[in-house]
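> Please see the structure below; I have some questions.
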Amino acid sequence: MDCDVHAVLPSARNLLPYLDDYWADQLVAQLAPYYEPGYHPPASPIAERPGATPGPDGRAGTAVDALVADVFTDGGPDFAVLNCLYGVQQIHQPRREIAHARALNDWIAREWLDADDRLRASIAVPQGTPDAAAEEIDRCAADGRFAQVLLLGQSELPYGRQINWPIWEAAERHGLPVALHIGGVFRQAPTSVGWPSTYLEWYVGQQSNLEAQLASIVSEGVLQKFPSTRIVVSELGFGWVPPFLWKFDKLWKSYRPDVPWLTERPSDLIRRHVRFTTAPSDGFEQPGALDRLVDRLGSQDMLVYSSDYPHRHHSAPREIENGSSDPALIDRIRRANAFDLYGLSVPSDL
């Protein structure tokens, strides 16, 4: 299972058939502003891997037939989860954000999921209005092809805060994991120390955002309140996780009176509830490196395979397998961990 594949909305005008008359007229009147975020700047080395099949507009990821042809020959996955990063979360007008999130999900369902039964998708939600986000989860969850809820790594308030609990409640109600993916709402500076001036600073800083989100989710008691919660951290690497867990446990021992509901080690909660995608592999595709990393994680269950198609990293996605000499671990990463995450049965003939 490929747990992170990116479908790209070619143009804001592609949403017109999925918006009601009022919001379609608004979009046309505003000359169809395009909210494609700059997480992977066009024509930059990270944006597209060599050989990715372009769609009619010249970009990979914009056409379902081209994406399917590439993804399902890239390591032979049986399923792929689409994360569309079109920036509805950056529309800081609540009613407009709600309408565009709904339209984006309908576009994914009709023009992507209908095209190939191996595709699954994440539910884009209006993060600025958690109650409306929960309503959108309820609406889309009726379509079993939506496999998870998509949240961006940088938010206006940490995801553990009670104002965001309607999202966790709705996800648990429908048995859906929540994906925390690189990106942000850009309502405020995307780093804790202000606005960076280079893309490099922004990209490196995303790790600290996810550390803060996991610390918030654990410390605020989300995993006690919603004990069936499952989380997948997407496109943030995973080499940073062991030292983060060590520090979290160390400080929890000193500050347990601050969080009396947290009755077990944060690392144990994270091992049980959180998974991490393998792209980018950040050097752990080197011989033996993955085995050492998994030993430090203390679990073989925490990694799930992803290609991050069509994005390019320093190594090809399947190269992560070179980092381990244990076929059983590779099988867990490629299939079993993800099938468990998404509640699927591993076919007996695989």
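The values are calculated or read from the model by the stated rules, or taken from the named source; none is laboratory data. Note that the structure is predicted; figures quoted are calculated from it, not measured. Heads up, the Cβs are rebuilt from the backbone with ideal geometry, glycines too, and the neighbour counts pull from every protein chain shown. Quick note on the areas: whole protein, heavy atoms, side chains included, nothing else; ligands and nucleic acids left out. Shrake-Rupley method; radii C 1.70, N 1.55, O 1.52, S 1.80 Å.
> Take region 76-100 and flag every residue that is within 22 Å of Phe339 (Cα to Cα), in contact (Cβ under 8 Å) with a residue 24 or more places away in the chain and open to solvent by 20 Å² or more (accessible area, probe 1.4 Å).
Correct list: Asp78, Phe79.
Residue-by-condition table, conditions (1) surrounded by fewer than 13 Cβ atoms within 10 Å (Cβ to Cβ); (2) among the basic types (Lys, Arg); (3) in contact (Cβ under 8 Å) with a residue 12 or more places away in the chain:
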| residue | (1), (2), (3) |
| --- | --- |
| Arg230 | no, yes, yes |
| Phe238 | no, no, yes |
| Pro243 | yes, no, no |
| Pro257 | yes, no, no |
| Pro260 | yes, no, no |
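> Any residue at all in region 243-251 that's among the aliphatic types (A, V, I, L, M) and over 15 Å from Leu151 (Cα atoms)?
Checked region 243-251: at least one residue is among the aliphatic types (A, V, I, L, M) and over 15 Å from Leu151 (Cα atoms).
> In region 234-254, what residues are touching a Lys or Arg at 6+ places or on another chain (Cβ under 9 Å) and part of a loop (DSSP other than H, G, I, E, B)?
If the condition is that a residue be touching a Lys or Arg at 6+ places or on another chain (Cβ under 9 Å) and part of a loop (DSSP other than H, G, I, E, B), then no residue fits.
> Let me ask another. Just the residues that are under 14 Å from Asp308 (Cβ atoms) and of a type in the set (Val, Ile, Thr), please, taken from region 35-64.
Answer for region 35-64, where residues must be under 14 Å from Asp308 (Cβ atoms) and of a type in the set (Val, Ile, Thr): just Ile46.
> Looking at region 38-47, is at least one residue touching a residue at least 60 places away in the same chain (Cβ under 8 Å), open to solvent by less than 50 Å² (accessible area, probe 1.4 Å) and more than 27 Å from Glu201 (Cα to Cα)?
There is no residue in region 38-47 that is touching a residue at least 60 places away in the same chain (Cβ under 8 Å), open to solvent by less than 50 Å² (accessible area, probe 1.4 Å) and more than 27 Å from Glu201 (Cα to Cα).
> From the list Asp308, Asp301, Asp340, which residue is under 22 Å from the mean Cα position of the chain (by Cα), among the charged types (D, E, K, R) and at positive phi?
Answer to the check: Asp308.
> In addition: Check whether at least one residue in region 93-103 is of a type in the set (A, V, I, L, M, F, W, C) and under 30 Å from Arg334 (Cβ atoms), and report yes or no.
No; the residues of region 93-103 include none that is of a type in the set (A, V, I, L, M, F, W, C) and under 30 Å from Arg334 (Cβ atoms).
> Scan region 283-331 for residues that are part of a helix (DSSP H, G or I) and either in contact with a Pro (Cβ under 8 Å, 6 or more places away or on another chain) or closer than 23 Å to Ala66 by Cα (or both) and jot them down.
Leu293, Arg296, Leu297, Pro317, Arg318, Glu319, Asn322, Gly323 - these are the residues of region 283-331 that are part of a helix (DSSP H, G or I) and either in contact with a Pro (Cβ under 8 Å, 6 or more places away or on another chain) or closer than 23 Å to Ala66 by Cα (or both).
> Look at region 1-20 and say how many of its residues are touching a residue at least 60 places away in the same chain (Cβ under 8 Å), open to solvent by 10 Å² or more (accessible area, probe 1.4 Å) and under 20 Å from Pro54 (Cα atoms).
2
> Is there a residue in region 113-122 that is farther than 18 Å from Ala32 by Cα, in contact with a Phe, Trp or Tyr (Cβ under 8 Å, 6 or more places away or on another chain), open to solvent by 40 Å² or more (accessible area, probe 1.4 Å) and in a loop (DSSP other than H, G, I, E, B)?
yes
> Let me ask you something else. Would you check which residues across region 185-201 are buried (at least 17 other Cβ atoms within 10 Å of the Cβ) and free of Cβ contacts under 8 Å to residues at least 40 places away in the same chain and list them?
Taking region 185-201 and keeping what is buried (at least 17 other Cβ atoms within 10 Å of the Cβ), we get 185-186, 190-191.
Residues satisfying the conditions are Pro190, Thr191.
> Name the residues in region 53-74 that are open to solvent by 20 Å² or more (accessible area, probe 1.4 Å) and either assigned to a loop (DSSP other than H, G, I, E, B) or among the hydroxyl-bearing types (Ser, Thr, Tyr) (or both), would you?
Thr53, Pro56, Asp57, Gly58, Arg59, Phe72, Thr73, Asp74 - these are the residues of region 53-74 that are open to solvent by 20 Å² or more (accessible area, probe 1.4 Å) and either assigned to a loop (DSSP other than H, G, I, E, B) or among the hydroxyl-bearing types (Ser, Thr, Tyr) (or both).
> Next question, about the same structure. Please state which one of Val204, Val178 is at negative phi, hydrophobic (A, V, I, L, M, F, W, C) and open to solvent by 10 Å² or more (accessible area, probe 1.4 Å). Before the answer, list the steps.
Working: Val178 fails: open to solvent by 10 Å² or more (accessible area, probe 1.4 Å).
Checking each option against the conditions leaves just Val204.
> While we're on this one: Identify all residues within region 138-175 that are buried (at least 23 other Cβ atoms within 10 Å of the Cβ) and farther than 20 Å from Val274 by Cα; write none if there are none.
Passing the criteria: only Cys140.
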